[in-house]
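What follows is a set of notes on a single structure, which appears directly below.
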Amino acid sequence: MGCPLYVDFTRECISKFPDFLMFPTFDLCKSDDYEECLAYLIVSSPFNCSYLITCGNEYKKNIPKIITKLLAEKEIRDIYYTYTSQYCISPENHVTCAKYKLLSEGKTPPITLFPDGSTVHPMEIILKKKLIVHPPE
């Protein structure tokens, strides 16, 4: 079936929310799992945190490109999907987000800060990935 926002090899969701992360592949858009896409989740949500664009722009500007590429992998995408669901699109929980609190105080949260207050360096995400070594053919 595929995402209803994926029209003519463009993503209508990006035209609705152009400030979000760039995605490395359209595979998720073309699959039946399109609802797992962060952009789809945000565009289809009836509520978005007032700092969502600010946070998205910080990620787009400061996150290493390799992390953006890793968003195509379900394991990494699920981490961001969970945080987005619990905080960014939650009318109740968005005010408990660690980034929201700092932004409300006029401070810029570090890119390493997750909404629950935990921190992780982008390199940790990269290093936690399992390397698959293929034997030479």
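The values are calculated or read from the model by the stated rules, or taken from the named source; none is laboratory data. Please read these numbers as outputs of a predicted model, since none were measured by experiment. Backbone-built Cβ (ideal geometry, glycine too); neighbour counts: all protein chains shown.
Which of the residues spanning the range 76-93 are at pLDDT below 80 and more than 11 Å from the chain's Cα centre (by Cα)?
Listed by number, the list is empty, since nothing qualifies.
Among the listed residues ILE53, ILE42, ILE66, which satisfies the condition of being surrounded by fewer than 18 Cβ atoms within 10 Å (Cβ to Cβ), in a helix (DSSP H, G or I) and at pLDDT 75 or above?
Sole residue among the options that is surrounded by fewer than 18 Cβ atoms within 10 Å (Cβ to Cβ), in a helix (DSSP H, G or I) and at pLDDT 75 or above: ILE53.
Out of all the residues in the range 69-97, which are surrounded by fewer than 17 Cβ atoms within 10 Å (Cβ to Cβ), of a type in the set (A, V, I, L, M) and assigned to a helix (DSSP H, G or I)?
Across the range 69-97, the qualifying residues are ILE79, VAL95.
With (1) at pLDDT 90 or above; (2) surrounded by 11 or more Cβ atoms within 10 Å (Cβ to Cβ) as the list, and VAL120 as the residue in question, which single condition is left unmet?
All conditions are met except number (1).
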